[in-house]
1. Taking ARG125 as meeting all but one of (1) within 25 Å of PRO54 (Cα to Cα); (2) modelled with pLDDT of 85 or more; (3) among the charged types (D, E, K, R), write down the number of the exception.
2. Quickly run through the range 12-59 and pick out the residues that are loosely packed, with under 13 Cβ neighbours inside 10 Å, closer than 24 Å to THR97 by Cβ and acidic (Asp, Glu).
3. Could you check THR97 against (1) outside any helix (DSSP H, G or I); (2) within 24 Å of ARG30 (Cα to Cα); (3) among the β-branched types (Val, Ile, Thr) and say which number it fails?
4. Here is a list: LEU148, LEU107, LEU62, LEU134. Which entry is surrounded by 14 or more Cβ atoms within 10 Å (Cβ to Cβ), at pLDDT below 90 and out of contact with any His (no Cβ under 8 Å at 6 or more places or on another chain)?
Amino acid sequence: MGVATSSANPTAHDPARALADQLHPGAAPRDVTVSFSARRQAPVEYRDRGRGGPVTVYAQALHATLYGLPADDEPLPAALDALLQATHTTTATEQKTAVLRQVAEQLRNAAEIIQRYQYRAQWDRLPADVATQLQDAHEQAGQIARALDRVAPAFINRPVPHRSRSLSTAALATTPTPPAGRRR
């Protein structure tokens, strides 16, 4: 089963998903580890070695090797406040896509947490509206994560807007500036 990407240049997340799909189609890369070892017929110097770890780390290394990129020693931060800061400093289109995909992964984690609390609310016989609201929040977090997965590749393949030379400086000066976001 292959991973479909909408870009001619896949990101490190694409091989991570493909590797995770080898365990189970649709498995989240964050939940999968890999292990490498040599077969018995391999030269003796390879047989006593083994290596393994998170599939996302190996996918990043594989991506860098395949595309001649420098290995990214610092993966994207997992905390949402750190990802917010990354959005202010990220300029590469691949990184922008990676940030959105990381936010989608965090939303899937949040959805899982919410679902566990939903089950706990039912188990503890809390008022029915508590479990219902948690179920709604779980479904909404999943919908947002899927939406981010669909739109993230657009930052890699985005068309460059053409500005008309007929724009006057007065028109540019009257363009409202969006308010600055909250920063930590």
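The values are calculated or read from the model by the stated rules, or taken from the named source; none is laboratory data. It should be emphasised that the depicted structure is a prediction, and the values quoted were computed from it without experimental measurement. Using ideal geometry, Cβ is built from the backbone for each residue, glycine included, and neighbour counts are taken over all protein chains shown.
1. Among (1) within 25 Å of PRO54 (Cα to Cα); (2) modelled with pLDDT of 85 or more; (3) among the charged types (D, E, K, R), ARG125 violates only (1).
2. The answer is ASP31, and nothing else.
3. Status for THR97: all satisfied but (1).
4. Working: LEU148 fails: at pLDDT below 90; LEU107 fails: at pLDDT below 90; LEU134 fails: at pLDDT below 90.
Just a single option satisfies the conditions, and that option is LEU62.
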